[in-house]
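For reference, the structure discussed in these notes is given below.
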Amino acid sequence: MASKQGCGCLPFALGAVLLIVAWGAQQAVIPPLQVEQFDPRSPRRPMPQWGDEQFVIEDRPGGPADSMGTAFAVDRDGAWLTAEHVTHGCTRVGLEDGRFARPVARVLESREGDAAVVQANLTSPDALPLSDHVPQPGTPGYHMGFPAGEPTLVVSELIGSASARRGLSETAQPILAWAERTRLPAGDGTLSGISGGPVLSEDGHVIGVNSAATDRRGRILTTAPDAVVRLATASRAIDERPVAYPIAGISDASARFAAWLDQGVIRRIFCDVDESRSGLGGG
């Protein structure tokens with residue numbers, strides 16, 4: 001039986017940074033957000049349990065609220081990946097486009113893992129390659145995103161496969177658990193905002209989406225790679241198979257991150273919640 005080990009009581013929504021990018025003059029004509037759900041699980045086909053260690057990830061207090069996370073291109077024609085908890089419950093979702101947020105037209109959220117495919121009229125000069133392969137424990141991972149809104153590279157070491165439950169849910173999701181080793185730039189602040197960003201393995205593939213972290217224990221949780229690949233396939237929005245190039249250490253990873261930021265391959269993603277839905281507004 002799986003042991004129950006807490007996760008430091010970190011809220012599930014890592015992207016708890018208030019929206020600071022204007023939606024621009026087109027806000028009045030933003031079309032309704034189309035949200036779909038994908039769940040390959042069934043009573044006859046349950047997903048396998050990956051490990052004995054189990055984490056509990058608390059839901060965001062007060063329900064959905066304006067927030068910020070990370071997204072990355074998986075197809076140059078406008079398909080992006082992020083964390084499901086970054087988009088869930090949002091009235092509008094927007095991808096950073098200069099000083100504004102470009103509205104997202106469609107979101108496909110996984111109920112199997114913390115991942116979502118978003119589609120927007122925003123192309124990318126490059127796309128990151130996905131893999132469902134799980135590396136051996138002890139191998140490094142390179143997490144990229146915007147903790148507290150600032151671009152940061154976090155280097156970790158894989159602990160192994162585990163599972164996580166959201167809040168009071170009885171359904172466990174397969175994850176990978178990582179031990180943080182270092183950051184660029186150096187710091188020890190919250191990782192809030194890195195949610196939705198990619199974690200890359202040594203071979204250059206994306207093997208998960210950043211989902212949660214515990215500052216106290218120095219743990220980072222990412223969505224299981226096979227759950228991400230199943231979602232990407234189900235979306236029918238990803239036609240490319242980008243070439244993966246091995247990462248030659250932290251300097252190489254840092255240089256690639258900087259290039260992807262300059263090219264817009266990795267961007268901030270924003271959740272805008274109407275006051276009546278945020279749990280903070282009046283009746």
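The values are calculated or read from the model by the stated rules, or taken from the named source; none is laboratory data. Predicted, not measured: the structure shown is a model, and the values here were computed from it. Counting neighbours? That spans all protein chains shown, and the Cβs are built from the backbone with ideal geometry, glycine included.
If the condition is being among the polar types (S, T, N, Q), crowded, with 19+ Cβ neighbours inside 10 Å and more than 21 Å from Phe55 (Cβ to Cβ), then the stretch 134-185 contributes only Thr152.
Please determine whether any residue of the stretch 115-124 is of a type in the set (Ser, Thr, Tyr), over 18 Å from Asp274 (Cα atoms) and out of contact with any strand residue (DSSP E or B) (no Cβ under 7 Å at 6 or more places or on another chain).
Yes, the stretch 115-124 contains a residue that is of a type in the set (Ser, Thr, Tyr), over 18 Å from Asp274 (Cα atoms) and out of contact with any strand residue (DSSP E or B) (no Cβ under 7 Å at 6 or more places or on another chain).
Of Gly138, Gly196, Gly160, which residue is in contact (Cβ under 8 Å) with a residue 60 or more places away in the chain, of a type outside the set (A, V, I, L, M) and over 22 Å from His85 (Cα atoms)? The unique qualifying residue is Gly160.
Taken over the stretch 242-280, residues that are surrounded by 15 or more Cβ atoms within 10 Å (Cβ to Cβ), part of a loop (DSSP other than H, G, I, E, B), hydrophobic (A, V, I, L, M, F, W, C) and modelled with pLDDT of 95 or more amount to 3. Within the stretch 73-91, can you find the residues that are surrounded by fewer than 24 Cβ atoms within 10 Å (Cβ to Cβ) and either over 14 Å from Pro125 (Cβ atoms) or within 14 Å of the chain's Cα centre (by Cα) (or both)? Listed by number, the residues that qualify are His88, Gly89, Cys90, Thr91. For the stretch 70-109, taking the residues that are touching an Asp or Glu at 6+ places or on another chain (Cβ under 7 Å), charged (D, E, K, R) and outside any strand (DSSP E or B), the one that is nearest to Met144 (Cα to Cα) is identified as Glu84.
Answer yes or no as to whether Ser131 is closer than 19 Å to Val206 by Cβ, in contact with a helix residue (DSSP H, G or I) (Cβ under 7 Å, 6 or more places away or on another chain), surrounded by fewer than 20 Cβ atoms within 10 Å (Cβ to Cβ) and small (Gly, Ala, Ser). Yes.
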